[in-house]
Amino acid sequence: MSGTFGQVLSLLITSLGSLYILIVLLRFLLQAARADFYNPVSQAIVKLTTPLVVPLRRLIPGWHGLDFATLVLALVLNCVATALLILAAGYQLPALSLILSWSAIGLVAFILNIYYYMVLLSVVASFIAPFSAHPALLVVHQLLEPLYRRIHRVIPPMGGLDFSPLFIFLGIQVVEILVNRVAAHLGLAPQFVLGI
């Protein structure tokens, strides 16, 4: 492909693909956290993802509240985006197993980024709008609540200070180190994988 056309195509794939995969992963995380699906933000996420999730559900059942059809959809979308980015750059496609591995690592990195920015937003909101009932902030709190609850069992808030965000940030960094090690081992090319 010509350089300019390939760059434009890569930009569109990266932007639109990342946005839709983000929405699909949020649906998966909302279901895993058993969040309120009457929230307007949750309803928008469900409406945007239902056309692709429902057909997959007929083939891939859920298990213990985890919607594996949604997770598989995110993986397939990331594989397609990776393949298109490689083709747009003018390269031949590598083995499917390599694209699948790269895309799985990309999803893990995507989820880590989602939690990183949610915790950051939660901390900032606790200072500037501690009692806000904005639907987006309610979704953030519902997604983080299961993590906070587990940390509070070990280290409860002390003197009005909640240290759980620090431990979540630390956990994210540890997992990122492991993901980067696996990515390096697989020769992952970050420019072709959404989420990295």
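Figures for the structure shown
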read-out	value
Any pair with Cβ under 9 angstrom, 6 or more apart, that starts in the range 135-163 at a residue that is closer than 14 Å to Val119 by Cβ and in contact (Cβ under 8 Å) with a residue 60 or more places away in the chain and ends at one that is surrounded by fewer than 13 Cβ atoms within 10 Å (Cβ to Cβ) and among the basic types (Lys, Arg)	Gln142/Arg34; Pro146/Arg34
Positions within the range 19-58 being assigned to a loop (DSSP other than H, G, I, E, B) and small (Gly, Ala, Ser), in sequence order	Ala33, Ala35
Residue, farthest from the chain's Cα centre (by Cα), within the range 19-53, restricted to residues that are more than 23 Å from Ile105 (Cβ to Cβ) and free of Cβ contacts under 8 Å to residues at least 12 places away in the same chain	Tyr38
Scope the range 176-185; condition of a type outside the set (Val, Ile, Thr), surrounded by 13 or more Cβ atoms within 10 Å (Cβ to Cβ) and closer than 17 Å to Ser97 by Cα; matching residues	Ala183
In the range 153-173, residue surrounded by the most Cβ atoms within 10 Å (Cβ to Cβ) [restricted to those that are among the small types (Gly, Ala, Ser) and either in contact with a strand residue (DSSP E or B) (Cβ under 7 Å, 6 or more places away or on another chain) or in a helix (DSSP H, G or I) (or both)]	Ser164
Leading residue by the ranking (surrounded by the fewest Cβ atoms within 10 Å (Cβ to Cβ)) among those in the range 64-87 that are within 19 Å of Val108 (Cβ to Cβ) and at pLDDT below 90	Leu66
Given (1) buried (at least 17 other Cβ atoms within 10 Å of the Cβ); (2) without any contact (Cβ under 8 Å) to a residue 12 or more places away in the chain; (3) among the small types (Gly, Ala, Ser), number of the condition Ser101 does not satisfy	(2)
Matching residues in the range 152-184 - criterion: being of a type in the set (A, V, I, L, M, F, W, C), modelled with pLDDT of 90 or more and either touching a Gly at 6+ places or on another chain (Cβ under 7 Å) or within 20 Å of Leu120 (Cα to Cα) (or both)	Leu166, Phe167, Ile168, Phe169, Leu170, Ile172, Val174, Val175, Ile177
Selection within the range 12-54 - exposed (fewer than 15 other Cβ atoms within 10 Å of the Cβ) and of a type in the set (Phe, Trp, Tyr)	Phe37, Tyr38
Sole residue being touching an Asp or Glu at 6+ places or on another chain (Cβ under 9 Å) and in contact (Cβ under 8 Å) with a residue 60 or more places away in the chain, chosen from Ala89, Ala109	Ala109
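The values are calculated or read from the model by the stated rules, or taken from the named source; none is laboratory data. Just so we're clear, the structure is a prediction, and the values are computed from it rather than from any experiment. Every residue, glycine as well, gets a Cβ built from its backbone with ideal geometry; the counts of neighbours run over all protein chains shown.
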